[in-house]
Ligand SMILES: [Mn+2]
């Protein structure tokens with residue numbers, strides 16, 4: 001943790017009259033919760049500031065709070081804070097190119113520098129954990145709803161403390177906010193994990209139909225017709241990727257869904273062995289060592305990606321047998 005950098009960010013926020021908070025496209029709970037939590041903390045600390053959390057609304061994360069609309073910008077003086085997004089191209093809802101003052105707060109491996117101040121901790125469970133550390137180490141204020149959102153982001157991105165970088169510090173922070181803000185964790189889990197039967201049936205379909213190679217690579221293409229026949233949507237289908245972890249015969253697994261509007265294939269990849277983000281970045285994708293993604297219009301890229309990942313499994317198996 002870089003305390004000095006937190007202070008610098010705090011001072012920059014203090015200086016600016018208007019602040020915009022943005023996150024990555026294809027939102028997940030960590031991205032949206034960090035954005036809303038930091039917005040609410042800035043508002044609570046500096047009631048006279050204009051603070052906006054912007055980006056496409058995601059109905060499934062409505063329980064985190066609502067987003068804002070903004071349409072007139074002072075590119076010289078306004079501040080943009082990006083959360084949970086390592087590269088400009090994946091920022092949702094705002095073209096940051098004209099802004100003079102940009103802060104990045106992120107836990108993804110570094111992709112490109114676009115902020116004047118960049119707080120990157122790629123050994124952190126989540127962006128929400130970084131925001132919590134920042135609140136604790138500066139004069140930023142917190143209350144129960146803010147703490148609830150931070151709790152949800154940390155729990156979600158660490159997959160209930162299962163993933164890498166969950167350590168004693170994570171548990172200390174979680175324990176601290178549960179105590180201090182009297183969080184009802186059962187209630188929060190209910191909001192996060194309740195799901196319709198249609199999604200469970202779709203997961204059953206995926207589990208029954210995913211192809212597995214002899215090298216331990218698993219993949220499935222989820223056509224929209226199939227997803228629709230289960231009454232589910234592509235976003236929730238691709239989120240099911242995390243439900244295929246810890247399967248003996250599977251080292252790396254991949255889902256392909258299609259965004260019809262943008263005529264784009266969305267590939268989600270997870271691994272419990274081989275490092276996959278370097279392979280994903282070969283095809284303009286990115287992400288974490290064991291959780292990555294690629295977006296492409298080109299079917300050929302899908303084929304090559306599948307080949308590369310299968311090969312990575314083969315090499316990994318050979319080295320670890
Ligand atoms: Mn995240």
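Read the figures in this text as sums done on the coordinates, not as results from a lab. Bear in mind the structure is a predicted one, so any value in this text is a computation, not a measurement. Every residue, glycine as well, gets a Cβ built from its backbone with ideal geometry; the counts of neighbours run over all protein chains shown.
Relative contact order of the stretch 3-192, please, whole-number percent, based on alpha carbon pairs below 8 angstrom and at least 6 residues apart. Walk me through the numbers on the way to the answer.
On the way: 350 pairs, mean separation 44.4, N = 190.
Rounded, it is 23 percent for the stretch 3-192.
Counting pairs of Cα atoms in the chain, how many percent are more than 27 Å apart?
Values: 23138 of 51360 pairs.
Every Cα pair in the chain considered, those over 27 Å come to 45 percent.
Between the stretch 45-90 and the stretch 131-153, what is the C-alpha centre distance in whole Å?
The two parts, judged by their Cα centres, are 17 Å apart.
Considering the zone a paramagnetic label at residue 74 would reach in this model (a point 7 Å from Cα along the Cα-to-Cβ line), which residues of the stretch 13-32 have amide N under 13 Å from it?
15-20
Determine the gain in length on full extension of the stretch residue 60-residue 176; use 0.36 nm per residue of separation and subtract their C-alpha separation, reporting nm with one decimal.
Details: separation 116, 0.36 × 116 = 41.76 nm, distance 2.78 nm.
Full extension of this stretch gives 39.0 nm more.
How high is the FRET efficiency from residue 48 to residue 278, r the C-beta distance, R0 35 Å, rounded to 0.05?
Values: r = 46 Å, r/R0 = 1.32.
That gives a FRET efficiency of 0.15.
Any chance you could run the full-extension gain for residue 311 through residue 161? It's 0.36 nm times the residue separation minus the Cα-Cα distance, nm to one decimal.
Details: separation 150, 0.36 × 150 = 54.00 nm, distance 2.98 nm.
Full-extension gain reported as 51.0 nm.
Provide the FRET efficiency to the nearest 0.05 for the residue 110-residue 144 pair, computing r from the beta carbons and using R0 = 30 Å.
Numbers: r = 34 Å, r/R0 = 1.13.
Once rounded, the FRET efficiency stands at 0.30.
Let me have the relative contact order for the chain, percent, based on Cα pairs under 8 Å that are six or more residues apart.
Numbers: 566 pairs, mean separation 39.1, N = 321.
It rounds to 12 percent for the chain.
Please give the helix 299-320 orientation as an angle from the longest Cα principal axis of the chain, in degrees from 0 to 90, rounded to the nearest 10.
Here the helix axis deviates by roughly 80 degrees.
Can you compute the FRET efficiency between residue 259 and residue 300 using 1/(1 + (r/R0)^6), with r the Cβ-Cβ distance and R0 = 22 Å? Round to the nearest 0.05.
Plugging the Cβ-Cβ distance into 1/(1 + (r/R0)^6) gives 0.75.
Which one, 59, 234, 31, has the greatest fluctuation when you compute a Gaussian network model over the chain with C-alpha springs under 10 angstrom?
Comparing 59, 234, 31 in the GNM, the peak value goes to 59.
How big is the convex hull of the Cα atoms of the stretch 102-203, per residue, in Å³? Kindly include the intermediate steps, with their values, before the conclusion.
Values: hull volume 14.1 nm³, N = 102.
Given the Cα convex hull of the stretch 102-203, per-residue volume reads 139 Å³.
Working from Cα positions, state the angle (0 to 90°, nearest 10) between the long axis of helix 197-209 and the longest principal axis of the chain.
Rounded to the nearest ten degrees, it is 40.
For residue 214 paired with residue 14, estimate the spin-label separation in nm (one decimal), with each label point 7 Å from Cα along the Cα-to-Cβ line.
Spacing of the two 7 Å Cα→Cβ label points: 6.5 nm.
Of the residues 146, 194, 36, which exhibits the maximal mean-square fluctuation in a Gaussian network model of the chain defined by a 10 Å Cα contact cut-off?
194
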